[in-house]
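The values are calculated or read from the model by the stated rules, or taken from the named source; none is laboratory data. Here the structure is a predicted model, which is why all the values come from computation and not from measurement. With ideal geometry, Cβ positions are generated from the backbone for all residues, glycine too; neighbour counts draw on all protein chains shown. With ligands, DNA and RNA removed, areas are computed over all heavy atoms of the protein, side chains included. Shrake-Rupley method; radii C 1.70, N 1.55, O 1.52, S 1.80 Å.
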Amino acid sequence: MGRSGSQSSAGREQLAALIEPVVRDRGYDLEDVTVGLAGRRSVVKVVVDSDKGVALDDVADVSRAISVALDEHDGSMGRAPYVLEVTSPGVDRPLTLERHWRRACGRLVKVEIPDAPAVTGRVVDADASGADLDVDGEKRRVDYAAVRTARVQVEFNRPEGGRL
């Protein structure tokens, strides 16, 4: 889960353990939980995603459910006031899990591999061990274990049929 200086790693893990079933029950994956401070209040930021994306109404539904769970378990946030932010991952989120790659099918990605030039290509397929990219018309296999960083590239003139 995400890091924040205002709450211990064990506290974040406990919070994630409380939130994850609520998110999963609504058909989403919990991508990250961070806790920070904004004045006297804690800010709990929860990032959720799914294979079909996350709509604004979905964010509102998940936010309400998480809020109820947090309020029912005073031990997770204490009695201190907090602000809950539920969001979907930004386009700059690194691709670190197989599901991230699967959701990036059709998207242009830049992949950095140690001791090799960076590769930019379109994700064609993704499985448990790696992804297939179309790099200038040639298929290139990228094993997840070899990837240092990978990120979706912003495209303003995306080809027809590409997913958002």
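Is it the case that segment 76-98 has a residue that's open to solvent by 70 Å² or more (accessible area, probe 1.4 Å) and in contact with a Leu (Cβ under 8 Å, 6 or more places away or on another chain)? Checked segment 76-98: no residue is open to solvent by 70 Å² or more (accessible area, probe 1.4 Å) and in contact with a Leu (Cβ under 8 Å, 6 or more places away or on another chain). Residue 41 - would you say it is touching a Pro at 6+ places or on another chain (Cβ under 6 Å) and open to solvent by 60 Å² or more (accessible area, probe 1.4 Å)? Criteria met by residue 41. Sort out which residues of segment 52-67 are closer than 16 Å to residue 89 by Cα and free of Cβ contacts under 8 Å to residues at least 40 places away in the same chain, and write them in order of number. Answer for segment 52-67, where residues must be closer than 16 Å to residue 89 by Cα and free of Cβ contacts under 8 Å to residues at least 40 places away in the same chain: 52, 54, 55, 56, 57, 58, 59, 60, 63.
The set of residues in segment 138-157 that are open to solvent by 70 Å² or more (accessible area, probe 1.4 Å), more than 14 Å from residue 94 (Cβ to Cβ) and outside any strand (DSSP E or B) comprises 145, 154, 156, 157. Please work out if residue 160 is out of contact with any Cys (no Cβ under 6 Å at 6 or more places or on another chain), modelled with pLDDT under 95, open to solvent by less than 60 Å² (accessible area, probe 1.4 Å) and acidic (Asp, Glu). No. Residues in segment 13-38 that are farther than 20 Å from residue 91 by Cα and either in a helix (DSSP H, G or I) or open to solvent by 30 Å² or more (accessible area, probe 1.4 Å) (or both): how many? The number of residues fulfilling the criteria is 17. Residues considered: 122, 102. Of these, the only one that is modelled with pLDDT of 95 or more and within 21 Å of residue 49 (Cβ to Cβ) is 122. The number of residues in segment 117-127 that are part of a strand (DSSP E or B), open to solvent by 20 Å² or more (accessible area, probe 1.4 Å) and over 15 Å from residue 99 (Cα atoms) comes to 2. Number of residues in segment 128-137 that are of a type in the set (A, V, I, L, M) and in a loop (DSSP other than H, G, I, E, B) equals 1. If you check 59, 68, 111 for being assigned to a strand (DSSP E or B) and among the β-branched types (Val, Ile, Thr), only one passes: 111.
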